[in-house]
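The values are calculated or read from the model by the stated rules, or taken from the named source; none is laboratory data. Computed from a predicted model, the values in this text were never measured in an experiment. Quick reminder, even Gly has a Cβ in these numbers, built from the backbone with ideal geometry, and neighbours come from all protein chains shown. Heads up: the accessible areas ignore ligands, DNA and RNA and are worked out on the full protein's heavy atoms, side chains in. Shrake-Rupley method; radii C 1.70, N 1.55, O 1.52, S 1.80 Å.
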Amino acid sequence: MQTYEKLIWEDDFDGSELDMAKWSYRTGNWQVDANGDPVVPGWGNRELQYYTGSGENVRFGGSCLHLVAKKERSPEQFGMRYGYTSARIDTRGKFSFTYGRIEFRASCPLGVGLWPAVWMLPESEEYGPWAASGELDLLEAKGRLPDRVFGTIHYGGAYPLNTHQEYEAELPKDAGIDSFHVYEVVWEPGWISWLVDGRVYAATSSWSSGMAGMEHPAPFDRPFYLLINLAVGGSFDEQAKGRVTADLPAEFRLDYIRIFQ
């Protein structure tokens with residue numbers, strides 16, 4: 001595994017508001033096209049929340065970013081309202097990179113129906129629409145499972161011809177997802193590794209796009225940008241069957257995120 005030690009980007013979340021030179025808010029419940037027209041609800045994942053840029057859903061304190069999921073009636077979007085609000089931010093158009101080590105310290109909320117995530121998408125879909133151009137999930141958790149975290153890559157053809165590889169790590173019983181842990185992903189040419197608290201729990205080099213003209217390590221050889229969000233409901237935890245029984249409000253906390261090359 002290659003060593004990446006030169007810091008090229010970071011956010012320590014020490015301020016009192018989101019650094020808009022680094023991040024953008026993504027709002028609503030719908031994925032929209034370049035013209036702002038609706039494409040698919042639930043962000044394509046059957047998510048139940050409406051993302052906002054409100055200080056009620058994005059807070060700062062204790063040198064941490066707090067993304068807060070709440071049970072409340074949302075603003076209207078395309079004639080619809082939703083029963084939950086939360087937050088989603090990303091660096092699209094402001095920061096992207098190819099290869100390096102991503103490190104962050106985070107604490108995930110507990111409760112059935114909660115889905116915190118730190119992940120990456122391609123800055124441009126050079127190989128085609130999702131998931132032909134790839135998706136790299138650095139950390140996902142199912143609030144129903146207090147001792148499991150997940151790392152995943154999505155690739156292959158455009159939906160529904162896509163495929164994925166998902167890996168999981170078991171956390172100590174007395175320090176589950178709601179405790180702070182240091183998560184890392186090392187993204188090398190042709191190789192991706194996931195770590196928690198300095199321990200490698202998964203690695204892969206065996207993906208294949210299956211698309212004509214694309215050769216390994218495509219699609220993971222182009223600039224990707226960062227995303228952080230706290231979803232409510234959604235398709236990631238199929239065993240929850242769309243149920244949301246978590247005590248709300250609930251918080252996904254990030255102490256810092258750093259990129260090294």
Sequence-distant lysines (8 or more away, or on other chains) whose Cα lies within less than 30 Å of K94: K6, K22, K70, K142
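Nearest 5 is fine: what % of DSSP beta bridges in the chain come out antiparallel, could you say? Spell out each step's value before the answer.
Details: 77 of 80 bridges.
Bridges in the chain that DSSP calls antiparallel: roughly 95 percent.
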Most fluctuating residue given options F13, F78, F236, as computed from a GNM of the chain linking Cα atoms under 10 Å: F78
Lys, Arg +1 and Asp, Glu -1 on Cβ, resulting dipole of segment 150-257 about Cα centre, debye, nearest 20: 260 debye
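Run the dipole for segment 65-162 about the Cα centre, Lys and Arg Cβ at +1, Asp and Glu Cβ at -1, nothing else charged, and hand back the magnitude in debye, nearest 20.
So the dipole magnitude of segment 65-162 works out to roughly 500 debye.
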Rounded to whole Hz, the Karplus (6.51, -1.76, 1.60) HN-Hα couplings of segment 138-143, x for glycine and proline: 7, 8, 9, 9, 10, x
Solvent-accessible area per residue for segment 203-261 (1.4 angstrom probe, square angstrom): 43 Å²
Cα extents of segment 157-261 along the three principal axes, largest first (Å): 49, 33, 24
Relative contact order [Cα under 8 Å, 6+ residues apart], the chain, whole percent: 28 percent
Segment 160-231 versus segment 1-24: alpha-carbon centroid distance in Å: 19 Å
Spherically averaged projected area of segment 45-100 from its Cα convex hull (nm²): 6.1 nm²
Listed residues Y25, Y167, Y84, most fluctuating in the chain (Gaussian network, C-alpha, under 10 Å): Y167
Zero-based 5 Å bins, Cα pair distances in segment 147-189, whole percents: 6, 16, 21, 18, 15, 12, 9, 4, 0
Residue of L65, L171, L114 that the Gaussian network model of the chain assigns the largest fluctuation, springs spanning Cα pairs under 10 Å: L171
Descending Cα extents along the principal axes, segment 31-76, whole Å: 38, 23, 19
Answer label, with Cα extents along the principal axes in Å calculated from the coordinates and candidates [x] 60, 36, 30; [y] 50, 47, 39; [z] 47, 42, 38: [z]
Computed lengthening from K22 to E238, 0.36 nm per intervening residue step minus Cα-Cα distance: 74.4 nm
Rounded to the nearest 20 debye, dipole of the chain from Cβ charges on Lys, Arg, Asp, Glu: 580 debye
Simple label model, 7 Å out from Cα along Cβ direction - E166 to E5, nm: 3.7 nm
Mean separation of Cα contacts under 8 Å (6+ apart) over length of segment 43-148, as relative contact order %: 20 percent
Percent accessible area from carbon and sulfur atoms, the chain, protein chains only, probe 1.4 Å: 48 percent
Interchain or long-range residues, amide H under 5 Å from A246's placed H: V112
For segment 175-185, 3J(HN,Hα) per residue [Karplus equation, 6.51 cos²θ - 1.76 cosθ + 1.60, θ = phi - 60°, Hz, x = Gly/Pro]: 8, x, 5, 7, 8, 6, 9, 9, 10, 9, 10
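Can you check how the C-alpha radius of gyration of segment 66-198 compares to 2.2 N^0.38 Å, as a plain ratio?
1.16
Can you give the Kirkwood hydrodynamic radius for segment 60-130, in Å, rounded to one decimal and based on Cα pairs?
Taking the inverse mean of 1/r over all distinct Cα pairs, segment 60-130 comes out at 15.7 Å.
Please give me, ordered by residue number, the trypsin sites (Lys or Arg not before Pro) of segment 41-82 that lie in loop per DSSP and have at most 16 other Cβ atoms within 10 Å.
R46, R73, R81
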Farthest positive-ward along the chain dipole, Cα basis, beta-carbon charges - from N162, T152, P249: P249
Cα-based convex hull, segment 131-205, per residue volume (Å³, whole number): 86 Å³
